[in-house]
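Colleague: Below: one structure in structure tokens.
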Amino acid sequence: MTGSSALRLDRVRKDFGPVTAVQEMTLDIAPGQLVALLGPSGCGKTTTLRMVAGFETPSAGRIVIGDRDVTDLPPHRRNLGMVFQNYSLFPHRTVAENIAFGLRMAGRSRAEQRDAVARMLDLVQLGDRGDMYPRQLSGGQQQRIALARSLVLDPRVLLLDEPLGALDKALRESMQFEIRAMQQRLGITTLLVTHDQEEAMTMADQIAVMQSGRVLQIGAPAAVYNRPESRFVAEFLGTSNIFDGRVRPSGQEIEADGVTIRLPRAASPGAQVSVSVRPERIVIGEAAHALPNRMRARLADRVFRGTHETFRFEIGPAARQVHAHRQAGTGPAGVAGRPQEDCWIGWDTADSVIVTVNDR
Ligand code: ATP
């Protein structure tokens with residue numbers, strides 16, 4: 001019944017009294033893939049993960065790992081590895097004992113434990129730390145040990161709940177690459193919970209963007225970023241300029257706050273439509289003048305941010321704000337940067353997306 005999924009959630013729902021934390025969620029993860037559940041606080045990410053882990057019982061629906069329905073099995077019989085934000089290592093046991101714990105519980109021989117620990121320490125590149133105690137390791141190293149411990153029993157699926165949340169930014173970024181590389185090397189199917197969009201983009205094959213207990217959109221990072229299907233996804237993943245307006249009789253454009261915006265595809269005349277354009281897609285200055293979709297804009301401010309510059313423009317009679325990003329070192333900006341300077345801005349309509357349509 002499961003086809004080729006390594007992990008499948010089939011219309012899984014969770015109610016806590018009157019609160020529905022997860023609503024009829026269906027999710028398929030192919031073998032070896034890493035799927036990130038991404039969304040704001042309270043959208044149901046952790047509850048979903050806890051149901052997969054077996055710490056919460058779904059109010060409805062089934063959870064299937066490989067070809068086994070695990071919905072009614074306790075956590076320890078689901079063959080999962082888990083890592084959480086707080087490393088949860090045993091402080092009074094050495095690193096090697098921490099890693100061997102699951103094997104010992106499973107009654108494996110001492111020799112087997114020793115081999116597996118050595119293999120795991122190599123995997124997380126801490127081969128020489130087996131005799132140390134967790135407190136003697138850095139946060140990043142402790143989290144690698146937690147990973148090693150979760151992988152030692154060769155689980156079918158790895159669950160990661162904000163595993164890097166306690167680390168500082170630089171370490172978090174390097175660990176994102178490290179865990180991703182390890183996950184790919186082992187080919188282990190992984191479900192990651194994060195509220196950090198960069199983490200999701202860096203680590204995931206597929207991002208499932210959640211809001212209010214539902215998956216709004218799932219896809220490869222670039223697809224979700226470039227082709228958001230809803231306003232929420234456009235605004236949650238990165239930043240977006242969103243123009244709302246009614247489709248003109250031509251079906252090709254809308255009027256938004258007194259400015260004409262060309263649509264990337266035809267829409268029904270009279271329909272209420274929202275169009276999203278990423279700041280980095282906005283062309284500034286003379287180059288914009290050549291685009292069919294262009295407008296006059298007033299520069300409100302321009303800020304240097306190292307890797308890129310951000311511009312805030314105002315357009316139309318309502319002085320509607322438009323945000324633009326431009327990569328540093330890409331030649332003249334197209335504006336001199338004088339306060340209130342007038343210039344052209346525009347974008348290729350193919351760089352915009354219709355994110356909401358309400359027919360009359
Ligand atoms: P965060 O990023 O803040 O951890 P989340 O997306 O993981 O948020 P959940 O922790 O899954 O969200 O919570 C989803 C909803 O379910 C929230 O409204 C939360 O208050 C509620 N909830 C979660 N656990 C319980 C519980 N044990 N009892 C009652 N309500 C709960």
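Colleague: Between the stretch 143-184 and the stretch 309-360, how many Å separate their Cα centres?
Modeller: Cα centroid of the stretch 143-184 versus Cα centroid of the stretch 309-360: 39 Å apart.
Colleague: For Ala166, project a label point 7 Å along Cα to C-beta. Then give me every residue of the stretch 93-109 with its amide nitrogen under 17 Å of that point.
Modeller: The answer is 93-96, 98-99, whose backbone nitrogens lie closer than 17 Å to the label point.
Colleague: Tell me, in nm to one decimal, what length is gained between Ser174 and His92 on full extension, where the rule is 0.36 nm per residue of separation less the Cα-Cα distance?
Modeller: So the chain would gain 26.7 nm between Ser174 and His92.
Colleague: Net charge near Arg114: determine it from the other residues with C-beta under 14 Å of the C-beta of Arg114, scoring Lys and Arg +1 and Asp and Glu -1.
Modeller: -1
Colleague: Next up: So, R0 is 51 Å and r is the distance between the beta-carbons of Ala30 and Asp115; what FRET efficiency does that work out to, to 0.05?
Modeller: 0.95
Colleague: So what is the diffusion coefficient of the chain in µm² per second by Stokes-Einstein at 20 °C and 1.002 mPa s, using a Kirkwood Rh over Cα pairs?
Modeller: 93 µm²/s
Colleague: Between beta-carbons, use under 9 Å as the cut-off and find the net charge around Val193, counting Lys and Arg +1, Asp and Glu -1.
Modeller: With Lys, Arg at +1 and Asp, Glu at -1, the neighbours total -1.
Colleague: Can I ask one more? When you take every Cα atom in the stretch 222-360, what is the radius of gyration, and what is Dmax, the widest Cα pair distance, in Å?
Modeller: 14.8, 46
Colleague: Sorting check: for 153-160, 31-38, which peptide has the highest mean count of neighbouring beta carbons within 10 Å, and how do the rest follow?
Modeller: Most protected by this proxy first, the peptides run 31-38, 153-160.
Colleague: Next question, about the same structure. Of all DSSP beta bridges located in the chain, what percent are antiparallel, nearest 5?
Modeller: If I count the DSSP bridges inside the chain, around 75 percent turn out antiparallel.
Colleague: Report the trypsin sites (Lys or Arg not before Pro) located in the stretch 271-354 that are in a DSSP loop and have at most 14 other Cβ atoms inside 10 Å of their Cβ, or state none.
Modeller: Those satisfying the criteria are Arg305.
Colleague: Subtracting the Cα-Cα distance from 0.36 nm times the residue separation, let me have the gained length for Asp72 to Ser59 in nm, one decimal.
Modeller: That pair, Asp72 and Ser59, stretches by 3.5 nm at full extension.
Colleague: Around Met82, under 13 Å between beta carbons, what's the net of Lys plus Arg minus Asp minus Glu among the other residues?
Modeller: Net local charge, Met82 excluded: +2.
Colleague: Within the stretch 105-155, report the trypsin sites (Lys or Arg not before Pro) that DSSP leaves as loop and that have at most 13 other Cβ atoms within 10 Å.
Modeller: none
Colleague: May I ask for the Kirkwood hydrodynamic radius of the stretch 1-108, worked out over all distinct Cα pairs and given in angstroms to one decimal?
Modeller: Averaging 1/r across every pair of different Cα atoms and inverting gives 15.5 Å.
Colleague: Something else now. Mind checking the full-extension length gain between Gln125 and Ala336? Use 0.36 nm per residue of separation minus the Cα-Cα distance, one decimal, nm.
Modeller: 70.9 nm
Values in this text are rule-based calculations from the coordinates and carry no lab data. Treat the numbers as computed from the prediction; the structure is a model and nothing was measured. Note that we place each Cβ from the backbone using ideal geometry, even for glycine, and neighbour counts take in every protein chain shown.
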